[in-house]
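Colleague: My questions will all concern the structure given below.
The values are calculated or read from the model by the stated rules, or taken from the named source; none is laboratory data. Everything numeric here is computed off the predicted structure, so don't read it as measured data. Cβ atoms come from the backbone with ideal geometry, glycine included; neighbour counts cover every protein chain shown. Surface areas here come from the heavy atoms of the whole protein model, side chains and all, with no ligands, DNA or RNA. Shrake-Rupley method; radii C 1.70, N 1.55, O 1.52, S 1.80 Å.
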Amino acid sequence: MEEPNLHEQTQPPPAELSAIVERLLDQRLYDEAAVRFTRLLPPDQADILANLSIEHLAALIDRIPLEALAHATEELDTGAAVEVSQTIPDGLLPDLLDVLSPQVAADVLRALPQDVADTALDSMDAAEEVAPLMAYEDDDAGGLMTPEFIAIQEHVTVSQAMSHIRAWAEEFGSANISQIFIVDNDGVMTGTASLAQLVLALPFQYVALIMNRDVISVETDTDQEEVARIMERYDIHRLPVVDESKHIVGMVVIDDIIDVFEDEATEDMFRMIGVNQGERALGPFWRSVRSRLPWLCVNLATAIAAGLMITIFQSTMVKAVALVAFLPVIAGQGGIAGTQTLTLIVRSIALGELAAGNAKRLLLKELGLGLVHGIVVGLLVAAIAFAWMGNPWLALVAGVAMMANMVVAGISGVLVPLGLRALKIDPALASAVAVTTATDVIGFLIYLGMASLMITLIVGG
């Protein structure tokens, strides 16, 4: 008889459990849904909370322990965390914020109405830890940092330092004791030491003799993207944050930076296509409408602009109807080429790889690429047009227009994001719409303009 496998999975995977909870909520079986919800891990609970309607969210919150709600809220982005905070009864909001980590609680309070935030902060036990963080923007190092860190003066011995670390861990826990920051008598950071260094050092040694003096730090107003780049480049897991006087006020941990990378990548991807970052695939219906509809209207306006360009050459197209067949080819290839360049440039800007002085070199490179791609693709289009229509002049116009539009695509893919950056606007802000508009309008202008000039040869051909 075969022995049972004690490690065999006895419940469905998280995705299926999440679907079960959502189905129970749809059936208004709230008590059973709450029981199932509490069996999930916080990241899976967060996915459910982010996708619920206000009605279902309120019903679920009323039936789950506050601590479980806090753990799930920690995994949410700021917008969803604020929505959860606004859904719970006002009297429970301070209790929820007390359980959250200080930086998450500060993020939530910053996004709440001022009167609600002030009332909640006044009732919080952790107000002294959270209030200072509210002075910083949530996308700067100050808003990203945790105020829970260990700072030890450099003149103490290793034995005294270890005693301090043990006392600190008893009060705050052991999560942030792997990196210790060393300060002088004035509180200015002078070095760092790992817990391993202290454990391996002799008890009577002074901390100043074993600490690392090459310290990388950031100031409170450093943008979170720059913080992420520094931590990635130098492989730092705990980055100290200092004020203008170089006094350490907090630290950024690698877990939060992973979230920053994800959020920034998602934000850039969504903005390029005109979708709000807070939208979820299974999120509320009307939130998706509000997210997408404005940019669809913008895109409609740009499409109409391309359509108007066609009407200008209506008489030309009446004389040579075959021209219509290559309109989507010219526009489509140009749009794809422009989006390729645009995606590369936006990513390079986000990673800090492009300095302002590189613009000319980058433009020349993309101009060269546009010419090479344009010649190859243009020859292919010309060959297809000749084989299909049997008209050499139409083939010439289509081929040259394709080559020119590929060059336009490369140039616009560079100029649009760099121009937005120069104007202090996020380069990812629906720049794909601007690039495709340029390739559509200019591509049609070149193609139909050449056709108008050569209409006699095309019709005769």
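Colleague: Need the full-extension length gain, SER163 to GLU16, defined as separation in residues times 0.36 nm minus the C-alpha distance. One decimal, nm. Working shown, then result.
Modeller: On the way: separation 147, 0.36 × 147 = 52.92 nm, distance 4.76 nm.
Stretched fully, the SER163-GLU16 segment lengthens by 48.2 nm.
Colleague: Here is a follow-up. Please turn the phi angles of the range 99-109 into ³J(HN,Hα) values with the Karplus equation 6.51 cos²θ - 1.76 cosθ + 1.60 (θ = phi - 60°), one per residue in order, whole Hz, x for glycine and proline.
Modeller: Couplings: 7, 5, 5, x, 5, 5, 4, 5, 4, 5, 4 Hz.
Colleague: Something else about it: Report which label in (i) 56; (ii) 45; (iii) 22 holds the value of percent of Cα pairs over 39 Å apart derived from the coordinates of this structure.
Modeller: Correct label, based on the coordinates given: (ii).
Colleague: What's the carbon and sulfur percent of the chain's accessible surface, probe 1.4 angstrom, rounded to a whole number?
Modeller: Carbon and sulfur: 59 percent of the exposed surface of the chain.
Colleague: Now for a different question. If I take R0 = 30 Å and measure r between the Cβ atoms of LEU453 and LEU363 in this structure, what FRET efficiency does the formula 1/(1 + (r/R0)^6) give, to the nearest 0.05?
Modeller: For LEU453 and LEU363, the calculated efficiency is 0.55.
Colleague: So what does HIS164 come to for accessible area, using a 1.4 Å probe and Å² rounded to 10?
Modeller: Roughly 80 Å² of HIS164 is accessible to a 1.4 Å probe.
Colleague: Over the range 317-461, what is the relative contact order in percent, taking alpha-carbon pairs closer than 8 angstrom and at least six residues apart?
Modeller: Numbers: 187 pairs, mean separation 53.3, N = 145.
37 percent.
Colleague: While we're looking at this one, here's another question. So what is the accessible area of the chain per residue, in Å², with the probe set to 1.4 Å?
Modeller: With the other protein chains kept in place, the chain gives 53 Å² per residue.
Colleague: Return the long-range amide H neighbours of ILE182 (sequence gap of 5 or more, or a different chain), with a cut-off of under 5 Å between placed amide H atoms.
Modeller: Those lying under 5 Å, H to H, from ILE182 are ILE152, THR190, GLY191, THR192, ALA193.
Colleague: Multiply the residue separation of VAL35 and TYR234 by 0.36 nm, subtract the distance between their alpha-carbon atoms, and state the gained length in nm to one decimal. Intermediate values should be presented prior to the final figure.
Modeller: Numbers: separation 199, 0.36 × 199 = 71.64 nm, distance 4.43 nm.
Extra length available between VAL35 and TYR234 comes to 67.2 nm.
Colleague: Determine which lysines satisfy two conditions relative to LYS360: a Cα distance under 25 Å, and not lying fewer than 8 residues away in the same chain.
Modeller: LYS360 reaches LYS424.
Colleague: Quick one: length gained pulling ASP255 to ILE336 fully straight, 0.36 nm per residue minus the C-alpha distance?
Modeller: 25.6 nm is the gain from fully extending ASP255 to ILE336.
Colleague: In deg cm²/dmol and to the nearest 500, what is the mean residue ellipticity at 222 nm of the chain if only DSSP H runs of at least 4 residues count, each as -39500 (n - 2.57), divided by the residue total?
Modeller: Details: 23 runs with 296 residues, N = 461.
So the calculated ellipticity at 222 nm is -20500 deg cm²/dmol.
Colleague: Counting only DSSP beta bridges with both residues in the chain, tell me the antiparallel percent, nearest 5.
Modeller: If we restrict to bridges inside the chain, about 70 percent are antiparallel.
Colleague: Further question on the same structure: Restrict the search to the range 187-251; then list the trypsin sites (Lys or Arg not before Pro) that DSSP places in a loop and that have at most 13 other Cβ atoms within 10 Å of their Cβ.
Modeller: Qualifying residues, ordered by number: ARG213.
Colleague: Over the chain, what relative contact order in percent results from Cα pairs under 8 Å that are six or more residues apart?
Modeller: Numbers: 613 pairs, mean separation 51.2, N = 461.
11 percent.
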